[in-house]
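The values are calculated or read from the model by the stated rules, or taken from the named source; none is laboratory data. Keep in mind it's a predicted model, so treat the numbers as computed, not measured. Using ideal geometry, Cβ is built from the backbone for each residue, glycine included, and neighbour counts are taken over all protein chains shown.
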Amino acid sequence: MKKIRCAIYTRKSSEDGLEQEFNSLDAQREACTAYIASQKHEGWVLQQDHYDDGGLSGGTLERPALRQLLDNIEAGLVDQIVVYKIDRLTRSLADFAKIVDILDAAEASFVSVTQSFNTATSMGRLTLNMLLSFAQFEREVTAERIRDKIAASKKKGLWMGGNVPLGYDPDDRTLRINEREAETVRNLYDLYETHGIIRKVKDKADAAGLVTKRRVSPDGMPSGGQPFSRGHIHQVLTNPIYAGRIRHKGQVYEGQHDAIISPERWEAVQAMLQNGATRKRKIKSRGKRTTQPSLLTGKLFDETGDRLTPSHSKSKTGMRLRYYISHRLIACSGNANTDGWRLPAMELESTVENLIGGHLRRNGTVMDIVPGCPAGEVQSIRDRLDGITASKRTEDVVGLADSVKLAPGAITITLCPKALAHCIGIDARRIAGDLPAIQSPFRTRKRGVETKIILNGVARAVDETLLANIASAHAWYGMLKAGKTFADISRETGTSKRRIQQMLDLAFLAPDIIRDALEGRQPVGFTSDWCLRHELLIDWQAQRNLIATL
């Protein structure tokens, strides 16, 4: 007789009663144990490992005990799952389909001891789907009731939980003022009314030693007590809770707690914030041409000798997009047969910056620029050149270019002797009369409406979004190692669980791949969007081989 290894899975949605000596999980286990014993003649054998998820919803598969059980099934250690009721396993039809796929792949099955049906028949499968549909319906109705209750309670001005704001302590369904913290809130409002600029408020708050609210998580981990960021200060200044109000889904209601800031004063601060934001937008609008200058104007030519002229357009969201366009395209705008260059300005300026920076950092550059330079002066000139490239100011580096010539497959940059002399602080007559030109293979690649400039097979532009996702993935992985679930991380970071799971692979990138991304040397196809659609392998060499094909 074939031995069937049975594992009991138990679950309870809330933590109520779990502290009792005999709780709901024990009752479920006792019933399942008795059922397995009754099937001894069929070869059923109870495994002693416990798979218990107390205080966890059945609406998600992110449950430690369930994940361990499914892993053991995939490893061939369990033949059958035994549950008290099917909704203990899951309340979601979609999640159940995933579990069935895992069971089928491992040639395993499951049994509900209080619901008798055979999933080998079409009627049994129909019965199961009906039960799961009602379980999912019950969960969704319960969630709707909870949401409606929270909305109704907030309309009455009640505090319905969540992170307690700075300046208050929880007091049943309302808040009471914490005078020590409330003084910090009042100081922030005083500082903003005095200076009117959040950046200055932060500087003054840091100097005064003002810090965020100190908290202790349920597992005893302390947090907070840190200097305010500008975003946190803005949140304090705009939160109606300090005016004695409660906000819920864009609506504000009168609260049942005491105000730290009078409603009149709070409204006045909102007007100041709004006026400041409007003024800032107007200044940016008037200063667009100076805050985003076209650094290569008058220096950029193509293979025909035609100059490239700065131009711009607007995206659907109103963002100003800068370009360099062959002058003949503008002069012959009505002729569809005219060809020429149309390149994104920031991409091209960044490319020129990287090429000049790499040239200046090269060994022997000082002697090429200043022939016969005394040995004692070489290091000081080297330091000045390093200072220019390390400043990360694109306008400083690109300003060293005298001309930039584009041709199919190549870009050539000539440096300006006077600009170089000024930067390194020497007489222009000492600069070499025949400065070597900077040349590099050059091509463009279209990705949708976006044009990428590629040098030596890689895009020479730092992908800030990709770097941010890599950093987030490392932070999420650290939280997982600390014992937190995907649901915990989602709540703490405000990121969806799906997004976390999709991007977590970035935490296992090879160090050289991360270095290339930091330097803007990653393949043009290696983007955050690509990572969302593809699974990265754990093996570093396999990663390199895969990314190299992009």
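Under 6 Å between Cβ atoms, which residue pairs at least 6 apart in sequence (or on different chains) link something in the stretch 174-196 that is among the basic types (K, R) with a partner that is part of a strand (DSSP E or B) and surrounded by fewer than 15 Cβ atoms within 10 Å (Cβ to Cβ)?
R176/D169
Does R11 count as without any contact (Cβ under 8 Å) to a residue 24 or more places away in the chain and closer than 20 Å to T114 by Cβ?
Values: without any contact (Cβ under 8 Å) to a residue 24 or more places away in the chain: no; closer than 20 Å to T114 by Cβ: yes.
No; evaluated as a whole, the condition is false for this residue.
Out of all the residues in the stretch 33-78, which are in contact (Cβ under 8 Å) with a residue 24 or more places away in the chain and among the charged types (D, E, K, R)?
Listed by number, the residues that qualify are E42, D49, D52, D53, E62, R63, E74.
Search the stretch 65-92 for residues being in a loop (DSSP other than H, G, I, E, B) and in contact with a helix residue (DSSP H, G or I) (Cβ under 7 Å, 6 or more places away or on another chain), and hand back the single one that is surrounded by the fewest Cβ atoms within 10 Å (Cβ to Cβ). First the steps, then the outcome.
Of the residues in the stretch 65-92, the ones in a loop (DSSP other than H, G, I, E, B) are 75-79, 84-85, 90-92.
The next check asks that each one be in contact with a helix residue (DSSP H, G or I) (Cβ under 7 Å, 6 or more places away or on another chain); those that pass are 78, 84, 90-92.
Numbers: V78: 23, Y84: 24, T90: 26, R91: 24, S92: 20.
Only one residue tops the list, namely S92.
Taking into account only those residues within the stretch 159-197 that are buried (at least 19 other Cβ atoms within 10 Å of the Cβ) and of a type in the set (A, V, I, L, M), which is nearest to the chain's Cα centre (by Cα)?
L166
Given (1) touching a residue at least 40 places away in the same chain (Cβ under 8 Å); (2) over 30 Å from G59 (Cβ atoms); (3) surrounded by 14 or more Cβ atoms within 10 Å (Cβ to Cβ), where does Q543 come up short, assuming only one miss?
Unmet for Q543, out of (1) touching a residue at least 40 places away in the same chain (Cβ under 8 Å); (2) over 30 Å from G59 (Cβ atoms); (3) surrounded by 14 or more Cβ atoms within 10 Å (Cβ to Cβ): (1).
I'd like the full set of residues that are part of a helix (DSSP H, G or I) and touching an Asp or Glu at 6+ places or on another chain (Cβ under 8 Å), limited to the stretch 93-113. Spell out the reasoning first.
Within the stretch 93-113, the subset part of a helix (DSSP H, G or I) is 93-105.
I102, A105, listed by residue number.
Give me the pairs, please: first residue somewhere in the stretch 422-439 and of a type outside the set (F, W, Y), second residue anywhere and assigned to a loop (DSSP other than H, G, I, E, B), beta-carbon distance under 6 Å, and either six or more positions apart or on two chains.
Taking only residues 6 or more apart or on different chains, the pairs are R430/V370; A432/P371.
Determine, yes or no, whether L509 is in contact (Cβ under 8 Å) with a residue 24 or more places away in the chain, surrounded by fewer than 17 Cβ atoms within 10 Å (Cβ to Cβ), more than 25 Å from G220 (Cβ to Cβ) and more than 15 Å from the chain's Cα centre (by Cα).
Judged against the criteria, L509 is not a match.
Can you tell me which residue in the stretch 98-132 is modelled with the lowest pLDDT, limited to those that are surrounded by 11 or more Cβ atoms within 10 Å (Cβ to Cβ) and of a type in the set (G, A, S)?
G124
For the stretch 63-87, give me each residue that is among the charged types (D, E, K, R) and touching an Asp or Glu at 6+ places or on another chain (Cβ under 9 Å).
Let us first name the residues in the stretch 63-87 that are among the charged types (D, E, K, R), namely 63, 67, 71, 74, 79, 85, 87.
Selection gives R63, D79, D87.
Just one of A390, A401 is under 27 Å from L300 (Cβ atoms) and out of contact with any strand residue (DSSP E or B) (no Cβ under 7 Å at 6 or more places or on another chain); which is it?
Values: A401 fails: out of contact with any strand residue (DSSP E or B) (no Cβ under 7 Å at 6 or more places or on another chain).
Just one listed residue meets the conditions, A390.
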